[in-house]
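So the structure is just underneath, and the comments pick up after that.
The values are calculated or read from the model by the stated rules, or taken from the named source; none is laboratory data. Since the structure is predicted, the reported quantities are computational estimates derived from the model, not experimental observations. Positions of Cβ are backbone-derived with ideal geometry, glycine not excepted, and every protein chain shown enters the neighbour counts. Heavy atoms of the whole protein, side chains included, go into the accessibility calculation; ligands, DNA and RNA do not. Shrake-Rupley method; radii C 1.70, N 1.55, O 1.52, S 1.80 Å.
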Amino acid sequence: MEPEFLKHLNPAQREAVTAPAGPLLVLAGPGSGKTRVLTYRIAYLIQSVGMKPYNILAVTFTNKAAREMKRRLEGLLGDDAARLSVGTFHALCARILRREAERLPFSANFTIMDADDQKRLVRQVIRDLNLDDRRFPPGKMHNMISNAKNEGRLPQDIPDYDFRDKILKEVYTLYQKRLLEANALDFDDLLFWTLRLFDEQPEVLEKYSRRYRYVLVDEFQDTNMVQYELTRRLTSHYRNILVVGDIDQSIYSWRGADYRNVLRFEKDYPDAKIVLLEQNYRSVQNILDAAMAVIAPQQDKHRKKLFTKRGRGEKIVVHEAENEEAEALFVVRTIAEMVARGEARPGDFAIMYRTNAQSRPLETEFLRAGLPYRLVGAQRFYGRREIKDLLAFMRLAYNPADEVSLMRIINVPPRRIGARTLSTLRDVANHASLSAGHLLLHIAESPNDYAEVFSSTALRALAAFGLMLKHWYELAFTASPLDLLDTIIEDVRYKPYILGDEPIENESRWENVEELRRLAAEYPEGALNEFLEEVALVSDQDTVDDSENVPVLLTLHASKGLEFPIVFIVGLVEGVLPHARSAEDPGGLDEERRLLYVGITRAKDRLFLTYTRWRTGFGYEEPAEPSRFLEEIPPELTVGDHPLKGAEAFSAASSFARWEPEPAPAHKLSFKVGMHVRHPLWGTGLIVGHRVRDGREIVDVLFDSVGLKRLDPETAGLEIE
Ligand code: ATP
Ligand code: MG
């Protein structure tokens, strides 16, 4: 019997969901139900084909997407969903590597280094090699290492063409050595080690490729080379693979993603069944048309148009503001008004921008208006000093070899362990083939053995720290993550340290600690590795909290896969979107275009696009040009300040003016200074300025809602009150 849930699919979706075993590719535009197809296929495989959940692997782009998918599947399948493997490539690989650790040059309690610590380690390596970090900037070297790993290259695979290659090779080699010594892996390692494990130890590959009878991958256009190869290995036995994606939405090439994996897939699985979906269930037609206009110049050619049965919807509002502050004011006022009029709930809104820094004026305006909001972004929380400190303590407790963490916190709060003592500690450890952390554990047990190596004060400080570490190390495997965290906070007297002399000012730091305690509290005893893994692999999107009924602020990159009833995209000016840097690399401009396409297609019902006349640089303002992408949206889909509307009106008016003696107005003048007027969006205002330009009236109106605006009353639909 056909499962009930197939009713919630259109014929093309159903075809994909119920397709026979074998390779399957779903290519389709945003909002067409790709993620739904993937989710329902899992349910179908279990309910109708009789697959065991244990044998199914679904790969998502973020942890949040994984949780969401699991939640949906629980709704469809009940308890069966618990045994499914759903997660990101990174999380999946971490699990495999821990399980197979005895075959690998690190142990099962390896830590995952966060992006900051990775860079810090590269910097240290560059210093230790006596290289000039201005000539070889750590950020750049780290990127090159990351690229090499994502292309599947070991240090020895780096060619020796020139001096720079040699340096890269040296840095990469030592970086990798240090990681292993610290029993730590970086993000790329998780993927890379797994791929090597599969290739070098066929019996391991055999095990996993037999376990996962079905593999399903969402957001396939943003997989990188190593991820693609992993998928191929994992499906080598059964070849039951479903990938879903949209080339027009690939926006992570700067992180090594390669949409050509879609083309590789078609080549590597020539027998793949291909399903195209064309109906969009998310957005109204005006929004879809705007999106299609933006992507048209480079659209993936073998796809047809998107359509919706949801109707035209409201027009897209385009708004020109003087500067970023006025833009933020427009956003916040519009939201406040729509909420006050009962047209929307606060949680219906999302405000998107190209770069993180653009959130600042918006946050200021929300704060001024006294309206709560939520800023999406992992850095804001996980980048805080107090969070990084405490996580370093916890990582060290889990993996005492983690030297980057040890060095971060050995003097937090200050313990007077000096640079000389630390360097001796390292030398002795090296000599004994131990990590510095493990040596500390020894010192704690028998300090007298080291009486000749360290001064008595140094030895006392080291032994005291070693004793605490010993206790934490035990707790790491027996207590809950929260108990461990609280013990650490207590042992090192972290609260008085963080509150310091300015308890009021530093209160927010302590609030962050409380937030971390809340996160830790969600994990049971013995789940420290899960907790650490989750926080190491956190992405911006994982901080989107749907349960709060407040507007969210997020970058266009973080908006991938999400949807919101009402979307604002701000800062649509040249240099911001497209970003100035995009001119530097080939294909950069196309990726910016796709980024806006992704943003627009997040909107279900209403879309607001804003740009500014002035742009704030570093301490100065410069004139801004509306984004070229904005100009590509047909003006008739919009109301407000479409940049071409002004120009069109201008050229129409000027050809008309040729027949009329200047400066006689083409129309009867109807507005005067002092008149009360009403604007369809901004409500009531007072005319404070009036002039005639090329035969058309231009008025300055002081609106109660948004302040001063200069506009063409006819285009704007201004009415006399
Ligand atoms: P994106 O490319 O942005 O990731 P997508 O193709 O994955 O989008 P989904 O997120 O799966 O699209 O679906 C978009 C919206 O449409 C969701 O709210 C989903 O529940 C809804 N939807 C999809 N298919 C149907 C359907 N057949 N009937 C009703 N609603 C649907
Ligand atoms: Mg999706």
Computed FRET efficiency, Cβ-Cβ of GLU4 and LYS52, R0 25 Å: what is it to the nearest 0.05?
0.75
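Counting only trypsin sites (Lys or Arg not before Pro) that are in a DSSP loop and have at most 13 other C-beta atoms within 10 Å, tell me the longest site-free stretch of the chain.
136-300
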Within the chain: Cβ-based charge dipole about Cα centre, in debye rounded to nearest 20 (Lys, Arg +1; Asp, Glu -1)
1260 debye
Go through the stretch 433-494 and name the GluC sites (Glu not before Pro) that are in a DSSP coil and have 16 or fewer other Cβ atoms within 10 Å of their Cβ.
GLU452
What does the extension gain come out to for VAL550 and LEU702, with contour length at 0.36 nm per residue minus their alpha carbon separation?
51.8 nm
Surpassing 28 Å at the alpha-carbon level, of the pairs LYS140/LYS267; LYS64/LYS149; LYS149/LYS207, are LYS140/LYS267
How would the stretch 111-182 be classified by its alpha-carbon gyration tensor: rounded, prolate or oblate, with rounded meaning a/c under 1.5 and the a/b versus b/c comparison settling the rest?
oblate
Pop a pseudo-label 7 angstrom from the Cα along the beta-carbon direction at both ASP449 and GLU584 and give the gap in nm to one decimal.
5.1 nm
Calculate for the chain the 222 nm mean residue ellipticity that helices alone would give, adding -39,500 (n - 2.57) per DSSP H run of length 4 or more and normalising by residue count, nearest 500 deg cm²/dmol.
-14000 deg cm²/dmol
Separation between the ASP199 and GLU490 pseudo-spin-labels, each 7 Å from Cα along Cα→Cβ, expressed in nm?
5.0 nm
Could you tell me the distance between the Cα centroids of the stretch 590-614 and the stretch 119-133, to the nearest Å?
40 Å
Could you tell me the distance between the Cα centroids of the stretch 416-485 and the stretch 1-55, to the nearest Å?
55 Å
Counting Lys +1, Arg +1, Asp -1, Glu -1, what net charge surrounds THR457 among other residues with beta carbon under 13 Å of its beta carbon?
+4
For LYS273, the aspartates and glutamates lying under 14 Å Cα to Cα, once residues fewer than eight places off in the same chain are dropped, come out as GLU15
Rounded if a/c under 1.5, otherwise prolate or oblate - the stretch 395-441, Cα gyration tensor axes:
oblate
Let me have the relative contact order for the stretch 248-381, percent, based on Cα pairs under 8 Å that are six or more residues apart.
18 percent
In whole angstrom, note down how far apart the Cα centers of the stretch 245-312 and the stretch 143-193 are.
34 Å
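Rolling a 1.4 Å sphere over the protein heavy atoms, what is the accessible area per residue of the stretch 345-438, to the nearest Å²? Working shown, then result.
Values: 4100 Å² over 94 residues.
Heavy-atom accessible area per residue stands at 44 Å².
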Relative contact order of the stretch 374-525: what whole-number percent is it, with Cα pairs under 8 angstrom and at least 6 residues apart?
25 percent
For the chain, the helices passing both cut-offs (Cα extent along own axis of 30 Å or more, Kyte-Doolittle mean at least -0.5, full DSSP H runs) are 456-478
May I ask for the Kirkwood hydrodynamic radius of the chain, worked out over all distinct Cα pairs and given in angstroms to one decimal?
28.8 Å
When we measure straight from the Cα of LYS166, which aspartates and glutamates land under 12 angstrom away, once same-chain ones fewer than 8 places off are left out?
ASP157
Sort the stretch 411-510 into rounded, prolate or oblate with this rule: let a ≥ b ≥ c be the square roots of the eigenvalues of the Cα gyration tensor; rounded if a/c is under 1.5, and if a/c is not under 1.5, prolate when a/b is larger than b/c, oblate otherwise.
oblate
Give, as a single signed number, the net charge of other residues whose beta carbon lies under 11 Å from the beta carbon of ASP704, with Lys and Arg counted +1 and Asp and Glu -1.
+1
Volume in Å³ per residue [convex hull over Cα atoms, computed for the stretch 676-720]
58 Å³
For the stretch 113-253, restrict the atom set to alpha-carbon positions and state the Rg and Dmax in Å.
17.3, 51
